[in-house]
Amino acid sequence: MKFSDIRDAFPILKLQENGQPLVYLDSGATSQKPLKVIEAIDHYYRAENANVHRGVYGLSERATESYEGAREKVRHFLNASSTKEIVFVRGTTEAINLVAQTWGRENLTAGDEVLITEMEHHSNIVPWQLLRDQLGIKLVVVPINDQGEISLSDYESLLSEKTKLVSVVHMSNALGSINPVKEMTTLAHKVGAKVLLDGAQAVPHMAVDVQSLDCDFYAFSAHKMYGPTGIGVLYGKEALLEAMPPYQGGGDMIYSVTFDKTEYNELPYKFEAGTPHIAGGIGLGAAIDFMLDIGLENIAQYENQLLTEATEKLQQIEGLKIIGQAANKGGVISFVIEGVHPHDMATLMDQDGIAVRASHHCAMPVMQRFNVPATIRASLGVYNNSEDIDRLIASIKEAIDMLV
Ligand SMILES: Cc1ncc(COP(=O)(O)O)c(CN[C@@H]2CONC2=O)c1O
């Protein structure tokens, strides 16, 4: 599929916003959905809707085949070795909480250290604070430099035999920084620590190979990579998942239940209590098909070119400062404008049909690190183009003229 045709695959991009064609630059919050994904979900409810896994009638068997077929698509997409390693969750947040409350409670004791970084999303900070309050573990934070990068030497100096888990973001949602997660994983394993990677922002922009990364857990959300909300994935090495206790109790995660004892189901169902988000899983599978049709390397290359173009044009605007200038970045540009509050800017830009986010982006430590209350963030998807960038630049200049 050619990038010039991709835009037509997204019905919502035909919308007018305040009398102007919509320029959607908030894919970091959630991406738009191609017709192929919408139709896959629609088809499930029209033609395959039934509960999965236990029905002995054709409709339920077909629903199960579609849902478990989506799991296989995720396995292939991440290059996991088995579908037993692919747990469907609500999203990245639930994936991280699941690891904290199962692997964490089972393997961590007071004094053990969990290492995170200064650029983490709140969903990779708060679950570990909850565990700290429950178990007395210690949170160690790797600082970031003025460009929004982690220094590997700083990171290595904070590792020790006390480090039991490294939980870091693959690509920052607030800065766009792409961390050297493969090297970080190797160093963590040298001290005996496990590694969880938060892939929420990385998966939409680049190929992810969990076996090559050798991470122990990898988390992402479907809604950021052209799939529906309410479904995400926790990848975990099979041996680790086998040894972990269940996250929630209920139906489908069991083999047998008596009032004395319950025998848990096999992987991954041990972690999937209750009726799953069947349509969401099928929609995620369709989103993976969509991305693979374009080509993951093609997506990365196209978005990097657009990121470079947008960055160069933004840097020419007087009083505009980009927050996060890592040498290795993905399709996220955060910026502030001297004398203008981000919320005022974004509100005015909306009048021009421009959708950007003005927020702390659930990364308040990053805002504190750069001493700003919030940033304006433009985040890219496969449907953005140079015209969108030109409209963004024009709208910023117009808003500055009005506000300054
Ligand atoms: C890096 C990162 N980790 C975890 C999450 C949590 O994902 P779920 O909400 O799907 O569980 C997000 C969400 N990104 C936020 C959501 O809105 N804008 C953002 O940048 C994220 O960007």
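The values are calculated or read from the model by the stated rules, or taken from the named source; none is laboratory data. Keep in mind that what you see is a predicted model, and the values were worked out from it rather than measured. Counting neighbours? That spans all protein chains shown, and the Cβs are built from the backbone with ideal geometry, glycine included.
Checked against the criterion of being loosely packed, with under 15 Cβ neighbours inside 10 Å and either more than 28 Å from residue 281 (Cβ to Cβ) or basic (Lys, Arg) (or both), the candidates 46, 7 yield just one match: 46. Taking the condition of being within 25 Å of residue 93 (Cα to Cα) and in a helix (DSSP H, G or I), how many residues in the stretch 368-395 meet it? Total satisfying the criteria: 2. Candidates 284, 292, 306: the one that is under 30 Å from residue 371 (Cβ atoms), within 22 Å of the chain's Cα centre (by Cα) and in a helix (DSSP H, G or I) is 306.
Does residue 391 qualify as being of a type in the set (D, E, K, R) and within 16 Å of the ligand (Cβ to nearest atom)? Spelling it out, it is not the case that residue 391 is of a type in the set (D, E, K, R) and within 16 Å of the ligand (Cβ to nearest atom). Of the residues making up the stretch 74-93, those that are crowded, with 21+ Cβ neighbours inside 10 Å and not small (Gly, Ala, Ser) are 74, 77, 78, 85, 86, 87, 88, 89, 92, 93.
The single condition among (1) within 16 Å of the ligand (Cβ to nearest atom); (2) touching a helix residue (DSSP H, G or I) at 6+ places or on another chain (Cβ under 7 Å); (3) in contact (Cβ under 8 Å) with a residue 40 or more places away in the chain that residue 403 does not satisfy is (1). Of the residues making up the stretch 170-183, those that are surrounded by fewer than 24 Cβ atoms within 10 Å (Cβ to Cβ) and part of a strand (DSSP E or B) number 1. Residues satisfying the criterion are absent from the stretch 156-170 (criterion: at pLDDT 95 or above, within 21 Å of residue 80 (Cβ to Cβ), among the charged types (D, E, K, R) and touching a helix residue (DSSP H, G or I) at 6+ places or on another chain (Cβ under 9 Å)). The set of residues in the stretch 311-326 that are basic (Lys, Arg) and either under 19 Å from residue 364 (Cα atoms) or part of a loop (DSSP other than H, G, I, E, B) (or both) contains only 321.
Among the residues making up the stretch 111-169, those that are surrounded by 14 or more Cβ atoms within 10 Å (Cβ to Cβ) and among the hydroxyl-bearing types (Ser, Thr, Tyr) are 117, 123, 155, 163, 167.
Quick one: would you say residue 365 is over 18 Å from residue 311 (Cα atoms) and outside any loop (DSSP other than H, G, I, E, B)?
Here the answer is yes, as residue 365 does meet what is asked.
Restricting 219, 202 to those that are touching a helix residue (DSSP H, G or I) at 6+ places or on another chain (Cβ under 6 Å), modelled with pLDDT of 95 or more and within 16 Å of the ligand (Cβ to nearest atom) reduces the list to 219. Taking the stretch 26-106 as the region of interest, the helices (runs of 4 or more DSSP H) fully inside it that hold 2 or more residues being touching a residue at least 40 places away in the same chain (Cβ under 8 Å) and within 16 Å of the ligand (Cβ to nearest atom) are 92-99.
Each row is one residue, and each column tells you yes or no for (1) crowded, with 18+ Cβ neighbours inside 10 Å; (2) away from the ligand (no atom under 16 Å from the Cβ); (3) among the polar types (S, T, N, Q).
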| residue | (1), (2), (3) |
| --- | --- |
| 301 | no, yes, yes |
| 315 | no, yes, yes |
| 328 | no, no, yes |
| 336 | yes, yes, no |
| 340 | yes, yes, no |
| 347 | no, yes, yes |
| 350 | no, yes, no |
| 361 | yes, no, no |
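Taking every residue in the stretch 360-378 that is assigned by TED's automatic domain parsing to the domain that holds residue 123 and pairing it with any residue that is more than 13 Å from the ligand (Cβ to nearest atom) and of a type outside the set (Asp, Glu), at least 6 positions away or on another chain, yields no pair with a Cβ-Cβ distance below 9 Å.
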